[in-house]
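> To start, I am sharing the structure in question, which I have written as C-alpha cells.
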Amino acid sequence: MNQYKSLLLLFAFITFSFWNGNAQEKATNPKNEFRAVWIATVANIDWPKSNVDAVEKQKSDFIEILDTYKKMNYNAVIVQIRSAGDAFYPTDLAPWSRYLTGKEGKAPSPYFDPLEWMIAEAHSRGFEFHAWLNPYRATMDSRTEIVSPTHDFYKHPEWMIKYGGKYYYNPALPEVQTHLVTIVNEVVRNYDIDAIHFDDYFYPYRIKGEEFNDTASFKKYGGGLSVEDWRRSNVNNLVKCVSLSIKNIKPWVQFGISPFGVWRNKSVDPKGSETEAGQTNYDDLYADPLAWMENKWIDYLVPQLYWSLDHPKASYSKLLKWWSENSKNTALYIGNGTYKINSDSDKKWNNPYEIPNQIDITRTYKNIHGNAFFSAKSFVKKNQDVAQLLLENQYKYPALPYAVPNSKKILIECPAVNSISKDSINSSCTIKYPSNCQVRYVMVYRAKKSFKIDVNNPSQIIDKITLAEKWDTFKVVIPIKKADENNSCAITFIDFYGNESEATIVNLPKETKTN
C-alpha cells in the first residue's frame, strides 16, 4: 500500500511539473496587451493604507504601488475614485471620501487634488489611468451619523433604498440617472483620464429573505414590462447615456465595465455557461453585458473570472471559452483574482502557477487581449514567488495597450527629428509635435547588435516617454546605449486613442574615444 501511494505521489509530481513546464514554455510576449491592476480605495483595501495617514505618506504608498507594477511591466491602473456616493477629488456633487481623510466631507490637508496628482504620476510612468466609479452604492453600512450633510443621502433622501444594511441609489429614477451621468461628465471634462470604469455592482447582490423595495418606482415607470426586464432596462439606459455622453465630450476616453463573471447559468438558459453560480449578472444584478456589447455602448469588457482553472462550479477555463464565444463589438479582457493567492478555501490558489497558467490559457484566444488583476496589494511586498514568475515569463517585456476600439483611426505623422545632440551620458533629439493629433507618449526602440530594429518586438522597447504638454517642439532624451546595442534607435508617437505612428530611425552620434 505504501509503495502504491509513493507511485501515485511520484506520478502527480511528474504531471504537475510537466504542466508547469508547459506553462512556461508556452509563454509569449505580445507587443500589444492590456495589463491592468485595480487599486481599490473603498474600506482602504489598497490605498490609502489608512485614512488617517499624512498626505505625504499616502502619496508615498501610491507611488510604491505604481513602481511595483511598472517593474512588472503592467500598463494600466484602474483607480477607484467614487466608492459610496463620495469622491477622491474636489466636487460639489459629492463629499470628500472618509477613506481619504478619515471623515466624510473633510478635504485633505495640506490641500491637493488627489485625482489630478494620481493621473500625473500614473501617466509619467506610462500607465493608462482608468477612473473607476461605483454608480449605485450610496453607503457602505447603515451608520448614517458618519455620512456628510453634503452627501446625497441627506440632500436627496427620496433617491435612496435601504437593502442589506446599506443604502443604494434607486436605479429607476430618471433624476438619479441624470445625476450619475453628470458626475461622469465632470470627471471626463476636468481630468486627463483614459477611461471611465464601472465594476460589477449594479442592482445589489441578492440577500436571501430580503427584497429590494422599488415597488413604487415600478408602478410609476414600469411601462408594462416585467420587474426583471424593467430593472435591466434601467441599467441599460444608464450605460447607454454614460457612453454617449463620454464620447460627446472626449471621444478618445474609453468606457469599460467589469461585470460579475457569469452572465447566466446554462440550467436556466441554453445560451448560458456551464456553471452553477449562486448569482448571475442577468438574473440577480439585472446587468446584461451581452446587450451592452450588441449596442456598442462600451469600449471594453472585463468579466471577473475569480475562480481557479478547473473550479467545479465556475471553471475559469470554461468561462474564458464562453466569454470568447459570446463577445462582439468590443475589446475583451479578463479579470483575475490575485487576492485569492495563498488565502482561499480553494487550495489550487496555493499553486504559484495558477495565475501564470491563467494568463497562458487566456492568450490562446485571439479575441481576448489582456487581463486585469484584483487587487493592487496582491503583489506589493506579497506573493513574490508569483510576481517573479510573471516577470520572468508572461510579463518579461513591456507591452502597449490596444488602441481604443471602434474609434476613428487617424494616420499619425511620423516623428520629424529637427536635431540630435549628445552629452557625456545621453543623446537627445529635438522633435516636432505632429499637426494632426494629440500625442500621449513617445516610444523609443533599440535593437541588440547584429539585429535589425523591429518596433513590433517588445524586447526592443527601451523607453515610453510621457508628453505632459503640447509644444511646437520637444526634446526626447535617449538613455546611453549598452555595449551590446546598436547605435541607432527608432522613435514613434502614440496618440490619445492609443494609435502608434510609423517609426523614424535615428542614427545617434557615436561616442568619441579619449586617450
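> Is it the case that region 463-473 has a residue that's modelled with pLDDT under 85 and farther than 21 Å from E413 by Cβ?
no
> Can you find a residue in region 39-48 that is open to solvent by less than 10 Å² (accessible area, probe 1.4 Å), modelled with pLDDT of 95 or more, under 16 Å from the mean Cα position of the chain (by Cα) and of a type in the set (V, I, T)?
So far as region 39-48 goes, yes, one or more of its residues are open to solvent by less than 10 Å² (accessible area, probe 1.4 Å), modelled with pLDDT of 95 or more, under 16 Å from the mean Cα position of the chain (by Cα) and of a type in the set (V, I, T).
> Which of the numbered conditions does W307 fail, given that it passes all the others? Conditions: (1) assigned to a helix (DSSP H, G or I); (2) in contact (Cβ under 8 Å) with a residue 40 or more places away in the chain.
Evaluating W307 over (1) assigned to a helix (DSSP H, G or I); (2) in contact (Cβ under 8 Å) with a residue 40 or more places away in the chain leaves (1) as the failure.
> If a residue must be more than 29 Å from Y497 (Cβ to Cβ) and of a type in the set (S, T, N, Q), how many such residues does region 180-222 contain?
Number satisfying all stated conditions: 3.
> Do we find that V147 is in contact with a Ser or Thr (Cβ under 7 Å, 6 or more places away or on another chain) and more than 19 Å from P259 (Cα to Cα) in this structure?
Considered against the rule, which asks whether it is in contact with a Ser or Thr (Cβ under 7 Å, 6 or more places away or on another chain) and more than 19 Å from P259 (Cα to Cα), V147 comes out as yes.
> Another question, if that's okay. Testing E175 on (1) touching a helix residue (DSSP H, G or I) at 6+ places or on another chain (Cβ under 9 Å); (2) surrounded by 15 or more Cβ atoms within 10 Å (Cβ to Cβ); (3) of a type in the set (D, E, K, R), one condition comes back false. Which one is that?
All conditions pass for E175, except number (2).
> In the list I257, I183, I193, which residue meets the criterion of being touching a Pro at 6+ places or on another chain (Cβ under 9 Å) and over 22 Å from L290 (Cα atoms)?
I183
> Right, another one. Give V386, V404 a once-over and let me know the one that is crowded, with 20+ Cβ neighbours inside 10 Å, modelled with pLDDT under 95 and not in a strand (DSSP E or B).
V404
> Additional query: State whether one or more residues within region 68-76 are among the hydrophobic types (A, V, I, L, M, F, W, C), part of a strand (DSSP E or B), open to solvent by less than 40 Å² (accessible area, probe 1.4 Å) and under 30 Å from P30 (Cβ atoms).
yes
> Still on this structure, I have one more. Of the numbered conditions (1) under 20 Å from Y282 (Cα atoms); (2) part of a strand (DSSP E or B), I161 fails exactly one; give the number of that condition.
Here I161 meets the rest and fails (1).
> Can you confirm whether region 319-335 contains a residue that is touching a residue at least 40 places away in the same chain (Cβ under 8 Å), open to solvent by 40 Å² or more (accessible area, probe 1.4 Å) and closer than 25 Å to R206 by Cβ?
yes
> Which of the strands (runs of 3 or more DSSP E) contained wholly in region 426-515 include at least 2 residues that are of a type in the set (D, E, K, R)?
Because the criterion is at least 2 residues that are of a type in the set (D, E, K, R), the strands (runs of 3 or more DSSP E) in region 426-515 that meet it are 461-466.
> Return the pair list, or none, for Cβ contacts closer than 7 Å from residues in region 104-120 that are closer than 19 Å to V79 by Cβ and assigned to a helix (DSSP H, G or I) to residues that are open to solvent by less than 60 Å² (accessible area, probe 1.4 Å) and of a type in the set (A, V, I, L, M), at least 6 apart or on different chains.
Correct list of pairs: P114/L100; L115/I81; M118/V79; I119/I193.
> Moving on. When you go through (1) within 21 Å of E128 (Cβ to Cβ); (2) open to solvent by 30 Å² or more (accessible area, probe 1.4 Å); (3) in contact with a helix residue (DSSP H, G or I) (Cβ under 9 Å, 6 or more places away or on another chain) one by one for K409, which number turns out not to apply?
(3)
> Another one. Those residues that are more than 30 Å from D214 (Cα to Cα) and either open to solvent by less than 20 Å² (accessible area, probe 1.4 Å) or basic (K, R) (or both), I need them from region 118-139; list them, please.
Answer for region 118-139, where residues must be more than 30 Å from D214 (Cα to Cα) and either open to solvent by less than 20 Å² (accessible area, probe 1.4 Å) or basic (K, R) (or both): M118, I119, A122, H123, R125, G126, F127, F129, H130.
> Sticking with this one: Being within 27 Å of G256 (Cβ to Cβ), at pLDDT 95 or above, surrounded by fewer than 13 Cβ atoms within 10 Å (Cβ to Cβ) and under 21 Å from the mean Cα position of the chain (by Cα): is that true of N357 here?
no
> Go through region 60-102 and give me each residue that's more than 20 Å from the chain's Cα centre (by Cα) and free of Cβ contacts under 8 Å to residues at least 60 places away in the same chain.
S60, P90, D92, P95, W96, S97, R98, Y99, L100, T101, G102
> Okay, next question. Just for region 239-270: of the residues that are touching a Phe, Trp or Tyr at 6+ places or on another chain (Cβ under 8 Å) and of a type in the set (G, A, S), which one is farthest from T182 (Cα to Cα)?
G261
> Condition (residue is farther than 22 Å from P398 by Cβ, under 27 Å from the mean Cα position of the chain (by Cα) and either surrounded by 12 or more Cβ atoms within 10 Å (Cβ to Cβ) or among the basic types (K, R) (or both)) applied to region 492-502: is it met by at least one residue?
So far as region 492-502 goes, no, none of its residues is farther than 22 Å from P398 by Cβ, under 27 Å from the mean Cα position of the chain (by Cα) and either surrounded by 12 or more Cβ atoms within 10 Å (Cβ to Cβ) or among the basic types (K, R) (or both).
> May I ask you to list the residues in region 141-169 that are out of contact with any strand residue (DSSP E or B) (no Cβ under 8 Å at 6 or more places or on another chain) and acidic (D, E)?
E145, E158
> Inside region 209-235, can you point out the residues that are within 17 Å of A291 (Cα to Cα) and touching a Pro at 6+ places or on another chain (Cβ under 9 Å)?
R231, N234, V235
> A follow-up question, please. Can you pull out the residues in region 458-486 that are more than 29 Å from Q394 (Cα to Cα), free of Cβ contacts under 8 Å to residues at least 40 places away in the same chain and over 29 Å from the mean Cα position of the chain (by Cα)?
W471
> Of (1) open to solvent by 30 Å² or more (accessible area, probe 1.4 Å); (2) touching a residue at least 12 places away in the same chain (Cβ under 8 Å); (3) more than 18 Å from D199 (Cβ to Cβ), A54 satisfies all except one. Which?
It fails just one condition, (2).
> Among the candidates K396, K381, which residue alone is within 23 Å of the chain's Cα centre (by Cα), at positive phi and not acidic (D, E)?
Sole residue among the options that is within 23 Å of the chain's Cα centre (by Cα), at positive phi and not acidic (D, E): K381.
The values are calculated or read from the model by the stated rules, or taken from the named source; none is laboratory data. Treat the numbers as computed from the prediction; the structure is a model and nothing was measured. No Cβ is skipped: glycine too gets one built from the backbone with ideal geometry, and neighbour counts run over all protein chains shown. For the accessible areas, the whole protein counts, side chains as well, though only heavy atoms, and no ligand, DNA or RNA atoms are used. Shrake-Rupley method; radii C 1.70, N 1.55, O 1.52, S 1.80 Å.
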